[in-house]
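Trainee: This is the structure I want to talk about, given as structure tokens.
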Amino acid sequence: MSMVEGARRSCLAVPGSSAKMIDKARGLAVDQFFLDLEDAVAPLAKAEARDRIVGALNEGGWDGKIRSVRVNALDTEWTYRDVVTVVEGAGAELDSIILPKVSAPDHVRWLDLTLSQIERALGLEPGRIGIEPQIEDARGLVEIDAIATASPRVAALIYGPADFMASINMRSLVVGHQPPGYDVGDAYHYALFRILTAARAADVQAIDGPYLQIKDVDGLRAVGGRSAALGFDGKWVLHPAQVDAVNELFSPRQEDYDHAENILDAYEWHTSAAGGKRGAAMLGDEMIDEASRKMALVISGKGRAAGM
Ligand code: GLV
Ligand code: MG
């Protein structure tokens with residue numbers, strides 16, 4: 001896993017072309033933000049956005065948030081210039097690069113090698129800047145295991161639902177809502193579960209993408225609640241109105257956190273009382289064993305990372 005650890009419950013998308021939105025982002029209670037050079041920025045505004053992003057990173061004031069930039073995808077003419085400008089200009093103030101539309105491990109290797117070159121040229125700490133590949137099309141999902149392990153810099157796999165839905169010709173225009181006519185389950189389950197499994201196998205984080213109906217916080221809770229319940233670590237937010245809901249969805253519920261801590265205490269107490277010879281114990285009416293301890297560690301770890 002990359003050196004870019006820490007909670008990513010909420011990741012705020014900020015258009016790199018908007019000085020106003022960049023300023024506003026500083027005050028929001030998100031774990032991560034990314035300054036976007038891709039789909040939120042018009043082709044003619046990209047060059048100016050690069051410079052604005054370099055300025056915003058160097059200015060600081062990001063208050064411990066994970067600082068990321070999303071560059072353009074490798075099938076455009078912009079990617080190399082995005083990486084060179086941003087990392088040469090503000091590499092020491094950047095924690096990771098989000099690479100969109102990754103459909104092959106070579107994309108990640110290209111970015112890894114390019115970052116290593118710039119780090120060497122500038123004397124930056126080698127390997128510190130992480131890579132977060134976005135899985136946004138059918139090829140990316142098919143290649144996901146190789147993508148997740150293509151570089152030790154990979155810190156998280158991010159689901160790009162809007163592009164992904166377009167890529168597979170899904171008959172829905174609303175991200176996260178079930179396509180009309182599909183009434184036999186959750187049309188997103190396979191993609192989400194595949195990404196989550198690849199992320200866990202590679203020991204990196206799994207992040208859900210955006211929910212576009214920014215005024216519909218109930219819809220956000222329903223869609224984000226699914227990926228949170230599966231085990232995803234966080235989700236993108238596009239607007240201040242989405243921040244609290246997403247932070248809450250991706251933190252354990254207080255009662256689950258307390259229960260997990262009780263399991264850990266009880267297990268520790270019973271097994272050490274038996275001189276290390278007992279594998280299972282009782283907590284009230286509940287049988288707890290090594291597997292219960294592992295499940296409890298997940299909830300307790302997420303809760304502690306969220307400051308509970
Ligand atoms: C995000 O980039 C998406 O395509 O959903
Ligand atoms: Mg996308």
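The values are calculated or read from the model by the stated rules, or taken from the named source; none is laboratory data. Here the structure is a predicted model, which is why all the values come from computation and not from measurement. Glycine also receives a Cβ, built like all others from the backbone with ideal geometry; neighbour counts cover every protein chain displayed.
Trainee: Going residue by residue through the range 274-296, is there one that turns out to be closer than 29 Å to LYS65 by Cα, out of contact with any Gly (no Cβ under 9 Å at 6 or more places or on another chain) and loosely packed, with under 11 Cβ neighbours inside 10 Å?
Mentor: Just the residues of the range 274-296 that are closer than 29 Å to LYS65 by Cα, to begin with: 294-296.
Of the ones still in play, those that are also out of contact with any Gly (no Cβ under 9 Å at 6 or more places or on another chain) are 294-296.
In the following step, the residues that additionally are loosely packed, with under 11 Cβ neighbours inside 10 Å were identified as 294.
Yes, the range 274-296 contains at least one residue that is closer than 29 Å to LYS65 by Cα, out of contact with any Gly (no Cβ under 9 Å at 6 or more places or on another chain) and loosely packed, with under 11 Cβ neighbours inside 10 Å.
Trainee: Same structure, new question: How do the pairs read when you match residues in the range 32-49 that are within 13 Å of ligand 2 (Cβ to nearest atom) and acidic (Asp, Glu) with residues anywhere that are in a loop (DSSP other than H, G, I, E, B) and at pLDDT 95 or above, using Cβ under 6 Å and keeping only pairs 6 or more apart or on different chains?
Mentor: ASP36/GLY16; GLU38/ASN72; GLU38/PRO100
Trainee: So which of ALA7, ALA13, ALA49 ends up being surrounded by 14 or more Cβ atoms within 10 Å (Cβ to Cβ), at pLDDT below 95 and in contact with a strand residue (DSSP E or B) (Cβ under 9 Å, 6 or more places away or on another chain)?
Mentor: Working: ALA13 fails: at pLDDT below 95; ALA49 fails: at pLDDT below 95.
Of the residues listed, the single one that is surrounded by 14 or more Cβ atoms within 10 Å (Cβ to Cβ), at pLDDT below 95 and in contact with a strand residue (DSSP E or B) (Cβ under 9 Å, 6 or more places away or on another chain) is ALA7.
Trainee: If you don't mind, another one. Taking ASN58 as the residue in question, decide whether it is outside any strand (DSSP E or B), among the polar types (S, T, N, Q) and within 16 Å of ligand 2 (Cβ to nearest atom).
Mentor: Details: outside any strand (DSSP E or B): yes; among the polar types (S, T, N, Q): yes; within 16 Å of ligand 2 (Cβ to nearest atom): no.
No.
Trainee: Those residues that are in a loop (DSSP other than H, G, I, E, B), touching a helix residue (DSSP H, G or I) at 6+ places or on another chain (Cβ under 6 Å) and under 21 Å from LEU249 (Cβ atoms), I need them from the range 8-28; list them, please. Give the derivation first.
Mentor: Narrowing the range 8-28 to residues in a loop (DSSP other than H, G, I, E, B): 8-9, 16-18, 26-28.
Filter once more, keeping what is touching a helix residue (DSSP H, G or I) at 6+ places or on another chain (Cβ under 6 Å): 9, 16-17, 28.
If the condition is that a residue be in a loop (DSSP other than H, G, I, E, B), touching a helix residue (DSSP H, G or I) at 6+ places or on another chain (Cβ under 6 Å) and under 21 Å from LEU249 (Cβ atoms), then ARG9, LEU28 are the ones that fit.
Trainee: Which of the residues belonging to the range 92-117 are buried (at least 21 other Cβ atoms within 10 Å of the Cβ) and of a type outside the set (D, E, K, R)?
Mentor: LEU94, SER96, ILE97, ILE98, LEU99, PRO100, VAL102, SER103, HIS107, VAL108, LEU111, LEU115, listed by residue number.
Trainee: When only residues in the range 140-167 that are more than 20 Å from ASP39 (Cα to Cα) and not hydrophobic (A, V, I, L, M, F, W, C) count, which is nearest to ligand 1 (Cβ to nearest atom)?
Mentor: Among residues in the range 140-167 that are more than 20 Å from ASP39 (Cα to Cα) and not hydrophobic (A, V, I, L, M, F, W, C), the one nearest to ligand 1 (Cβ to nearest atom) is GLU143.
Trainee: Sort out which residues of the range 79-100 are away from ligand 2 (no atom under 16 Å from the Cβ), part of a helix (DSSP H, G or I) and not aliphatic (A, V, I, L, M), and write them in order of number. Lay out the reasoning, then the answer.
Mentor: Within the range 79-100, the first condition is being away from ligand 2 (no atom under 16 Å from the Cβ), and the residues that meet it are 80-81, 83-96.
Filter again for part of a helix (DSSP H, G or I), leaving 80-81, 83-93.
The answer is TYR80, ARG81, THR85, GLU88, GLY89, GLY91, GLU93.
Trainee: Further question: Restricting to the range 176-201, name every residue that is surrounded by 19 or more Cβ atoms within 10 Å (Cβ to Cβ) and either under 14 Å from the mean Cα position of the chain (by Cα) or of a type outside the set (Gly, Ala, Ser) (or both).
Mentor: TYR188, LEU192, ILE195, LEU196, ALA198, ALA199 - these are the residues of the range 176-201 that are surrounded by 19 or more Cβ atoms within 10 Å (Cβ to Cβ) and either under 14 Å from the mean Cα position of the chain (by Cα) or of a type outside the set (Gly, Ala, Ser) (or both).
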